[in-house]
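Each remark here refers to the structure printed beneath this line.
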Amino acid sequence: MEFSSKLLENAVYEISQLPGIGKRTALRLALHLLKQPTAQTERLTGALENLRNNIKFCSSCHNISDVLLCEICSNPKRDETIVCVVEDIRDVMAIENTGQFRGLYHVLGGKISPMECVGPQDLTIKSLVEKAKQGKINELIFALSSTMEGDTTNFYIFKQLEHLAIKTSTIARGISVGDELEYADEVTLGRSIVNRIPFENAIKAS
């Protein structure tokens, strides 16, 4: 792809680094931004810069937040005895959109994946175990995607908590094997949360 402007070429290159965006789409977006009022482009760049520099992670659940303790964890109406374990922020948003879960979350920041050199130490599993040892949690819901990496992560956490008096469950298999939560429709995901099953049963079924 030939460019008449190095500035345009650089912009297209940076935009194309975003997931799911190729060079042609990046060019279309860059040209679109050029046609917009300067103030609109400045608001976009300002919002991205503000996001990058000022975003925080909740000190309790590791969800993305504007403050030290996110709105979900600080909400007194949430049930702090039930914690839903998810991979990342997108899963929290997907479950929240169902309106079927009123507990808290714990964001792992990924899944155990030896192929990608991601081990338990690279995730927030240690803080989850420490939180569980405090005795306030009655149930952990494993809501990771039903992939080999997701199942491996679930089992690892289950073994870490096996000696504690905590109920462990997993979302029902209304979510197809291999599916990511963020792509599930809200009705199916909501039913999977409500109709969750004991984790021990999921191990026996696999």
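The values are calculated or read from the model by the stated rules, or taken from the named source; none is laboratory data. Quantities reported herein were computed from a predicted structural model and do not represent experimental measurements. Reconstructed Cβ throughout: ideal geometry from the backbone, glycine too, with neighbour counts over all protein chains shown.
Here is how the numbers come out for the structure above:
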read-out: Top-ranked residue in the stretch 115-137 [being loosely packed, with under 15 Cβ neighbours inside 10 Å and touching an Asp or Glu at 6+ places or on another chain (Cβ under 9 Å); ranked as nearest to E162 (Cα to Cα)]; value: K136
read-out: Residues within the stretch 86-126 that are within 9 Å of the chain's Cα centre (by Cα) and either assigned to a loop (DSSP other than H, G, I, E, B) or among the aromatic types (F, W, Y) (or both), tallied; value: 5
read-out: Some residue of the stretch 97-111 being in contact with a helix residue (DSSP H, G or I) (Cβ under 6 Å, 6 or more places away or on another chain), within 13 Å of L123 (Cβ to Cβ) and of a type outside the set (D, E); value: yes
read-out: Residue match in the stretch 71-84 (condition: acidic (D, E) and either loosely packed, with under 11 Cβ neighbours inside 10 Å or more than 30 Å from A143 (Cα to Cα) (or both)); value: no
read-out: Selection count, the stretch 95-117, where residues are small (G, A, S) and either at pLDDT below 90 or out of contact with any Leu (no Cβ under 9 Å at 6 or more places or on another chain) (or both); value: 3
read-out: Where K131 falls short, out of the listed (1) without any contact (Cβ under 8 Å) to a residue 24 or more places away in the chain; (2) assigned to a helix (DSSP H, G or I); value: (1)
read-out: Top-ranked residue in the stretch 153-171 [being among the hydroxyl-bearing types (S, T, Y) and assigned to a helix (DSSP H, G or I); ranked as surrounded by the fewest Cβ atoms within 10 Å (Cβ to Cβ)]; value: Y156
